[in-house]
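Participant: My questions all concern the structure below.
The values are calculated or read from the model by the stated rules, or taken from the named source; none is laboratory data. Please read these numbers as outputs of a predicted model, since none were measured by experiment. Virtual Cβ from ideal backbone geometry, glycine too; neighbours counted across all protein chains shown. Ligands, DNA and RNA are excluded from the accessible area calculation, which covers all protein heavy atoms including side chains. Shrake-Rupley method; radii C 1.70, N 1.55, O 1.52, S 1.80 Å.
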Amino acid sequence: MGAGLSGLACAITLEKNGIQPTIFEKRSRIGDRFVNGEVLLSIFTRPVHDCIASLSEEFGIYLQPTSNIQKMTIISKNEKAIIEGQLGFTNIRGREEDSFETQLSRQVKSPIHFHSEETYEQLLANYTHVVLATGDGHYAKKTRNFREDLTVSIKGATVEGEFDRYAVMTWVDYDIAPYGYGYLIPFSEKEANIVIAIPDIPSNRGVELCERWEPFHQKVRSELGQPLSITDKFQITNYPMGICKSARIGNTFYVGNCFGSMMPFMGFGQYAALLTGVYAAYDICGLGKFEELSIPLRQSYENSLVLRRTMEHIGNQDVDRVIRMLQGYLGKKLFQTKRLNPLKIASYLMRPYVKYKQGVTS
Ligand SMILES: Cc1cc2nc3c(=O)[nH]c(=O)nc-3n(C[C@H](O)[C@H](O)[C@H](O)COP(=O)(O)OP(=O)(O)OC[C@H]3O[C@@H](n4cnc5c(N)ncnc54)[C@H](O)[C@@H]3O)c2cc1C
């Protein structure tokens, strides 16, 4: 149910193992939503460094990103860190020909039923197994199998200008996006996506996303010294992030965001979405147990949640300090050393702090 990243990865894997799934997609075509740029950062996919290579070699899933990231600029209120090296990939999502979901759909042979109005309950009555891949926690919540941890409101736009397609930028400045972040991801030399994301937490009560947009757009414009005219826009309000309690209940499988693939720290979820799709298929084919295979993803989610909570308890001065540390040897080491899992280390270090802070506020 759902022909997005996780649903299609599942279908491809089932087909490779001799099972022909029936795919139901609510929309009229693949990726029939806004177009946006996303990234796969190797720092968040450890122990795998090159997830595009790993997807093809280990799982037979072939994806062509828009480009490989060679430079990432992280800007806080008063500091800037530039990290260089092979950092990951950028890719397009949505209705474009080269979006990740469109590329996956070309690898699927089974028919896709578009405009589907089938409910989960109807599918359950008619099929031996149901894979919930709808890109949100709705059915996981409905079946009492979801722990929602936060919601986030996101506003983004496609802008025209001159961009280095091998470079991405991110802003962690609470004056602009309190407890959240903004970023720029190029689609090409001429187009980029700029996005601001703000968590819907009590400290952000009264913060209007729309009012934050113009200062953010202005900040990006002055950083790049370009007018950056907007050609397309999107907005998502109260996007839920959470994780399912069980990856499989009976013959229902929770994959992608229905599983909890979207990491609360910075919203990364593509790689985990693809993996959950593959793992659910393995389980259906008797090649492994989804629940066991997904343990590392569950752990990453929990680690990411610690970092998200940390972000909610610190201020611009602390963020400046972190960015200052990242500029130089430490940044290079964290992003380049393949054996290190910085997400895991940082979450272990920050756990007592988050516990203490939560104790103080509760
Ligand atoms: C603005 C934004 C930016 C992001 N940036 C990044 C990033 O930079 N890096 C990263 O790794 N992750 C990022 N993510 C997260 C990532 O996009 C998701 O984690 C990932 O797409 C989840 O895959 P999925 O298969 O669960 O859902 P999707 O790929 O969204 O697919 C869900 C599919 O299910 C269909 N569907 C929904 N309901 C039904 C229904 N009832 N019946 C049938 N079909 C249905 C939908 O139409 C859709 O086609 C971002 C998310 C957002 C919103």
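Participant: Quick one: in region 318-344, of everything that is open to solvent by 80 Å² or more (accessible area, probe 1.4 Å) and modelled with pLDDT of 85 or more, which residue is farthest from Asn78 (Cα to Cα)?
Facilitator: Filtering first and then ranking leaves Lys344.
Participant: Checking the conditions here, which among Phe253, Phe265 is touching a residue at least 60 places away in the same chain (Cβ under 8 Å), among the aromatic types (Phe, Trp, Tyr) and either open to solvent by less than 10 Å² (accessible area, probe 1.4 Å) or near the ligand (Cβ under 8 Å from one of its atoms) (or both)?
Facilitator: Values: Phe265 fails: either open to solvent by less than 10 Å² (accessible area, probe 1.4 Å) or near the ligand (Cβ under 8 Å from one of its atoms) (or both).
Only one candidate passes the filter, namely Phe253.
Participant: Would you mention how many residues in region 222-245 are touching a helix residue (DSSP H, G or I) at 6+ places or on another chain (Cβ under 7 Å), surrounded by 12 or more Cβ atoms within 10 Å (Cβ to Cβ) and not in a strand (DSSP E or B)?
Facilitator: Counting residues in region 222-245 that are touching a helix residue (DSSP H, G or I) at 6+ places or on another chain (Cβ under 7 Å), surrounded by 12 or more Cβ atoms within 10 Å (Cβ to Cβ) and not in a strand (DSSP E or B) gives 1.
Participant: Just to verify a result, which residue in region 188-203, among those that are small (Gly, Ala, Ser) and within 18 Å of the chain's Cα centre (by Cα), is surrounded by the fewest Cβ atoms within 10 Å (Cβ to Cβ)?
Facilitator: Ala197
Participant: If you go through region 16-34 one residue at a time, do you hit one that is open to solvent by less than 50 Å² (accessible area, probe 1.4 Å) and in a strand (DSSP E or B)?
Facilitator: yes
Participant: Additional query: Against the conditions (1) hydrophobic (A, V, I, L, M, F, W, C); (2) over 22 Å from Leu224 (Cβ atoms); (3) surrounded by 19 or more Cβ atoms within 10 Å (Cβ to Cβ); (4) touching a helix residue (DSSP H, G or I) at 6+ places or on another chain (Cβ under 9 Å), where does Ile52 fall short? Just the number, please.
Facilitator: (4)
Participant: Would you check which residues across region 159-184 are open to solvent by 10 Å² or more (accessible area, probe 1.4 Å) and closer than 17 Å to Gln235 by Cβ and list them?
Facilitator: Ile176, Tyr181, Tyr183
Yes/no per residue for (1) modelled with pLDDT under 95; (2) closer than 24 Å to Thr170 by Cα; (3) within 13 Å of the ligand (Cβ to nearest atom):
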residue: Pro215; (1), (2), (3): no, yes, no
residue: Ser229; (1), (2), (3): no, yes, no
residue: Asn238; (1), (2), (3): yes, yes, yes
residue: Gly277; (1), (2), (3): no, no, yes
residue: Arg298; (1), (2), (3): no, no, no
residue: Asn316; (1), (2), (3): no, yes, no
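Participant: Now for a different question. What number of residues in region 116-129 are of a type outside the set (Phe, Trp, Tyr), away from the ligand (no atom under 11 Å from the Cβ) and touching a residue at least 60 places away in the same chain (Cβ under 8 Å)?
Facilitator: Within region 116-129, the first condition is being of a type outside the set (Phe, Trp, Tyr), and the residues that meet it are 116-119, 121-126, 128-129.
If we keep only those that are away from the ligand (no atom under 11 Å from the Cβ) as well, we get 121, 124-126, 128-129.
Then keep just the ones that are touching a residue at least 60 places away in the same chain (Cβ under 8 Å); that gives 124, 128-129.
Count: 3.
Participant: Take region 3-15 and flag every residue that is open to solvent by 10 Å² or more (accessible area, probe 1.4 Å) and outside any helix (DSSP H, G or I).
Facilitator: Passing the criteria: only Gly4.
Participant: Check off (1) open to solvent by less than 10 Å² (accessible area, probe 1.4 Å); (2) part of a strand (DSSP E or B) for Val39 and give me the number that stays unchecked.
Facilitator: (1)
Participant: Follow-up. Contact list please: Cβ distance under 6 Å, first residue in region 226-243 and closer than 30 Å to Tyr301 by Cβ, second residue open to solvent by 50 Å² or more (accessible area, probe 1.4 Å) and part of a loop (DSSP other than H, G, I, E, B), pairs at least six apart or on different chains.
Facilitator: The qualifying pairs are Phe234/Phe34; Asn238/Asp200.
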